[in-house]
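Have a look at the structure below, then the notes.
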Amino acid sequence: MHGTVYLAYDYPVLGAFWTVMWLFLWVVWLVLLFRVFVDIFRDHEMSGWAKAAWLIFVLLIPFLGVLVYVIVRGKDMGRREIKHAQEQQEAFNAYIRQTAKGTGTGDELARLSELKAKGDLSEEEFQRAKQKLLS
């Protein structure tokens with residue numbers, strides 16, 4: 001009975017704080033570990049043997065391995081992350097441009113077809129305009 005009445009005192013606020021702090025640090029550690037693994041595989045300038053050595057080092061001695069990796073290759077790690085983000089943005093922009101261009105081409109072909117059907121364009125003019133749009 002004594003333990004149930006004073007249950008709040010069994011787990012003080014400071015204990016809760018430390019629990020949340022350790023949980024937060026554990027999540028940060030996992031994110032950092034994952035980013036190191038991704039960076040090892042993303043680096044195209046590093047040889048396969050160097051990648052294998054870093055992976056073994058990080059797997060066998062995780063805390064020291066990640067710390068040494070971030071100290072030795074941290075600056076380049078950030079550059080590779082920025083380069084990857086820029087490549088993704090460029091690919092997305094190219095996709096948007098291609099999609100928008102494709103829609104415009106279809107609308108233009110429909111408009112040319114209507115002009116030909118009305119007799120405003122000859123067959124030769126239609127074929128030239130169509131070839132110009134599709135090239």
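How about K130: which lysines have a C-alpha closer than 27 Å to its C-alpha, ignoring those fewer than 8 places off in the same chain?
Hits, sequence-local ones excluded: K101, K116, K118.
Between helix 48-60 and the chain, what is the angle of the helix's C-alpha long axis to the longest principal axis, kept within 0 to 90° and rounded to the nearest 10?
40 degrees
Is there a quick way to get the dipole size of the chain? I mean about its Cα centre, with the Cβ of Lys and Arg at +1 and of Asp and Glu at -1; what is the value in debye to the nearest 20? Please list the in-between numbers first.
Working: 16 positive and 15 negative charges, 51 e Å.
The calculation lands at about 240 debye.
Under a straight-distance cross-link criterion of Cα-Cα below 20 Å, which aspartates and glutamates are reachable from K75, leaving out those fewer than 8 residues away in the same chain?
Cα-Cα hits under 20 Å: D39, D43, E45, E87.
Which value, in debye to the nearest 20, describes the size of the charge dipole of region 55-135 about its Cα centre when Lys and Arg Cβ atoms bear +1, Asp and Glu Cβ atoms bear -1, and nothing else is charged?
Numbers: 13 positive and 11 negative charges, 78 e Å.
In debye, rounded to 20, region 55-135 gives about 380.
Compute the helix-to-body angle for 123-134: its Cα long axis versus the longest principal axis of the chain, expressed 0 to 90° and rounded to tens.
The angle comes out near 20 degrees.
Out of L109, W29, I71, whose Cα points farthest toward the positive end of the dipole of the chain (charges: +1 Lys, Arg; -1 Asp, Glu; placed on Cβ)?
My answer, from the dipole projection, is I71.
Where does the chain land on Rg/Rh, using Cα atoms and the Kirkwood Rh? Write out the running numbers ahead of the final one.
On the way: Rg = 30.5 Å, Rh = 21.3 Å.
Over the Cα atoms of the chain, Rg/Rh equals 1.43.
5 Å is the cut-off here: which amide hydrogens, built 1.01 Å from N in the peptide plane, fall below it relative to L121, excluding neighbours closer than 5 in sequence?
Answer set, sorted by chain and number: K116.
May I ask you to compute the full-extension gain from R42 to D107, defined as 0.36 nm times their residue separation minus their alpha-carbon distance, rounded to one decimal in nm? If you can, show how the numbers build up before the last one.
Numbers: separation 65, 0.36 × 65 = 23.40 nm, distance 4.13 nm.
Length gained, R42 through D107: 19.3 nm.
Within the set of other residues whose C-beta is less than 14 Å from the C-beta of I82, count the net charge using Lys and Arg as +1 and Asp and Glu as -1.
Residues near I82 contribute 0 overall.
In degrees, nearest 10, range 0 to 90: what is the angle between the Cα axis of helix 13-42 and the longest Cα principal axis of the chain?
Approximately 50 degrees, to the nearest 10.
Every number in this text was worked out from the coordinates using simple rules, so none of it is lab data. Quick caveat: nothing in here was measured; it's all calculated off a predicted structure. Cβ coordinates were reconstructed from backbone atoms using ideal geometry, including for glycine residues, and neighbour counts include every protein chain displayed.
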